[in-house]
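Following: one structure in structure tokens, then a few remarks.
Throughout, read-outs are computed from the coordinates displayed, never taken from laboratory work. Please read all numbers here as calculations on a predicted model, not as lab measurements. FYI the Cβ positions are ideal-geometry reconstructions off the backbone, even for glycines, and counts take in every protein chain you see.
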Amino acid sequence: MLFDPKPKERREDLFDRDDELNKLRTGLDYPVTLLLGIRRSGKSSLVKVLMSEEKDVIWIYLDLRKYEAMHT
Ligand SMILES: Nc1ncnc2c1ncn2[C@@H]1O[C@H](COP(=O)(O)OP(=O)(O)OP(=O)(O)O)[C@@H](O)[C@H]1O
Ligand SMILES: [Mg+2]
């Protein structure tokens, strides 16, 4: 769904992020990869789409958004 406020999870819903997705995929071969970007720029979407494509990788995804408001 195009206007869902949640991160995209399917490749076909992710717009214009081919380069970033492939760079992140390359990062799987390294011990640590940092994915940095301003708020709402699509960081979680990139990770979730990559997770959906790389089934052989063991992923541990912690969604901590519900704690965001606790310290503000
Ligand atoms: N390339 C994209 N194609 C389609 N939708 C996108 C894209 N990038 C971001 N969005 C949409 O914008 C919103 C924010 O995306 P997302 O949650 O992935 O960003 P984020 O960088 O992880 O945000 P936050 O900083 O809040 O964690 C979501 O609704 C997401 O679906
Ligand atoms: Mg996020």
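Just a few scattered comments:
- Compactness of the range 11-71 was expressed as the Cα radius of gyration divided by 2.2 N^0.38 Å, which yields 1.20.
- When you restrict to C-alpha pairs under 8 Å that are six or more residues apart and normalise by the size of the chain, the relative contact order lands at 38 percent.
- Calculated FRET value between residue 69 and residue 22, using beta carbons and R₀ = 30 Å, to 0.05: 0.30
- Whole-Hz couplings from phi, Karplus 6.51/-1.76/1.60, listed for the range 45-52; x for Gly and Pro: 4, 4, 5, 5, 5, 4, 4, 6
- Computed [θ] at 222 nm, helices only, for the chain once each DSSP H run of length n ≥ 4 contributes -39500 (n - 2.57): -8500 deg cm²/dmol
- Length available on full extension from residue 51 to residue 32: 0.36 nm per residue minus the Cα-Cα distance, which gives 5.2 nm.
- For residue 6, a cut-off of 20 angstrom between C-alpha atoms picks up these aspartates and glutamates, skipping any fewer than 8 places away in its own chain: 16, 18, 20, 53, 63, 68.
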